[in-house]
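Notes follow once the structure below has been shown.
The values are calculated or read from the model by the stated rules, or taken from the named source; none is laboratory data. Everything quoted here is computed from the prediction, not taken from an experiment. Glycine also receives a Cβ, built like all others from the backbone with ideal geometry; neighbour counts cover every protein chain displayed. In case anyone asks, the SASA skips ligands and DNA or RNA and just uses the protein heavy atoms, side chains included. Shrake-Rupley method; radii C 1.70, N 1.55, O 1.52, S 1.80 Å.
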Amino acid sequence: MALLNASRDGDEGVLFSSVMICRSSTDRSNVVLFLSVGFRRVIGMSALQDVEGSEPPTADAVVVRLDQILEELAAIVPDSTAVSDAARIDRIAWLEKLRAVTAALQAAESVRFAQSQVAEQLAAEVHPEAIGRGIAEQIGLACRISPVTAARRLNTARAWWFELPNTYNQLSAGELSERVAETIVTETRHLDAEKRRQVDEQLIAAGVSKLGFKAATLCVRKITYEADRQGYVQRGRTERKHRRVGMRPAPDTMAILTGYLPVEQGVACYTALQQHADTTVATGDSRTRDQIMADTLVERLTGQTTAADVNIELQLLMPLDTLTNPDKDTAAVIPGQGPLPAELAREILTTSQGRKWWRRLFTAPKGSTGSGPIVGGDPTRRHFDGWLGQLIRLRDQTCTDPYCDAPIRHLDHIIRQCDGGPTVLENGRGTCERGNYVREMPGWHISLIDCGFHDGPHTIHITTPTGHHYLSRTPDPP
């Protein structure tokens, strides 16, 4: 391990470091896992008032009534008036119905909003390939969910509205749960409109609303299969093209690695891990069966001898003494995954058998001036690449659109390059693919609120075609 000498300006500078633990010459894997962690808040950034995303005032009677209902329901929460348990069960049952009715009303508003937006885009002569773009994004911002989740909700709403009227009517009446209604949409998505309506009628006749979720799902699959057996088989063949691997964060510094595989392949993988674990346990290994299966998965995927020596590039935003001082307990941050305690980060660095390289940059001391605390850039360049692009990814961690947790795919100019926007750190933002494209639609505006060089995070302001406003801030380092 080689550690280059570095200096700080008192307590005002922060050391930005990255460590790369590479595979040895004997490793068979080309897999390198990137982890970025921050060990303290970046100091020396500009101040920002605590302004939340706001909406324009509305005189809509439905919104006013809904606001009153929300206040009434919120007032019940702290109510400690004694009532019978039977009454509380009645309340729970009616609140569950309210969930379904609310979902139905939200679906109706989403469909009508989409129809109106498409009409406006057609009137504005938007390119045919872009018609519909930005609709799900606006719904996602309103619901505080990712654009992908919002698009899924919108597609579900359209299916209820146009092709599954009986399902939608039961949802509207509070007789069918939203979860079962969504499952009906998913399980019938390969059917044409006519067959979908036939299945919809059969499901109501079969009493799907009175079944538990698992029984309801099996009922939907049975009726759907009988409606179009060939289509059901073809759907299975088509879905195999969508096989993939994903990862999402889990509590307690863990992650969930998933494989969406054809069923026979998934069973084969799991069986192989089980058999290896059984054999290893029989030899007296002190690990549990689950631990052995997890370690074996890592070792076979990476080609390493032991799971703990996984190939990693570990990027640390931290003072230099945080690595060496055991009394420093500020949590690190793995972008998109969550906090990692300093002690665990130090263990990764000290216990891994991989080779290590260190790269360091300093943030600007508080109150300093200049074009940027970490890196400059050629303002005439068109693309954010090299370390400039890497620093934007490290700063933003995930897509900067509010509520979007998608990984960064594009590096976008906040002030467009064609409008004279420079290719510098403060004018860059990381986005997912759809987030970059949607800002080109009519009515979308993005502006820089805080460059992030002083006492506040890098912050941008987003205005949607309906005049709603949202703020997006980069995550705060610990």
Sort 260-267, 101-108, 158-165 by the packing proxy (mean of other Cβ within 10 Å over each peptide's residues), most packed first. 158-165, 101-108, 260-267
Counting pairs of alpha carbon atoms under 8 Å apart in space and at least six apart in sequence, what relative contact order in percent does the stretch 94-246 give? 24
Name the residues whose placed amide hydrogens come within less than 5 Å of the amide hydrogen of G428, ignoring near sequence neighbours (fewer than 5 apart) on the same chain. I414
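Suppose R0 equals 22 Å. What FRET efficiency, 1/(1 + (r/R0)^6) with r the Cβ-Cβ distance, do E129 and Q230 give to the nearest 0.05? Could you put the intermediate results ahead of the total?
Values: r = 32 Å, r/R0 = 1.44.
Taking R0 as 22 Å, the efficiency between E129 and Q230 is 0.10.
Residue separation times 0.36 nm, minus the C-alpha to C-alpha distance between E239 and R189: what's the value?
Full-extension gain reported as 16.8 nm.
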Leaving out ligands, DNA and RNA, and with a 1.4 Å probe, what % of the accessible surface on the stretch 124-264 is carbon or sulfur? 51
How many nm is it between the label spots at E264 and L122, if each spot is 7 Å from the Cα in line with the beta carbon? 4.7
Would you mind working out the accessible area per residue for the stretch 223-288, using a 1.4 Å probe, and quoting it in Å²? 74
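For the stretch 79-224, compute Rg over Rh where Rg is the Cα radius of gyration and Rh is the Kirkwood radius from the inverse mean 1/r over Cα pairs.
Values: Rg = 17.8 Å, Rh = 16.8 Å.
Radius of gyration relative to Kirkwood radius: 1.06.
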Please give, to one decimal in nm, the separation of the simple spin-label points placed at Q291 and R88, each 7 Å out from Cα toward the Cβ. 4.1
Each label point is 7 Å from the Cα along the Cα-to-Cβ direction; what then is the distance between the points at E440 and A108, in nm? 3.8
Descending packing, highest mean Cβ count within 10 Å first, for 393-402, 437-446 is 393-402, 437-446
Linear extension gain, L218 paired with V64, 0.36 nm per residue minus alpha-carbon span: 51.3 nm
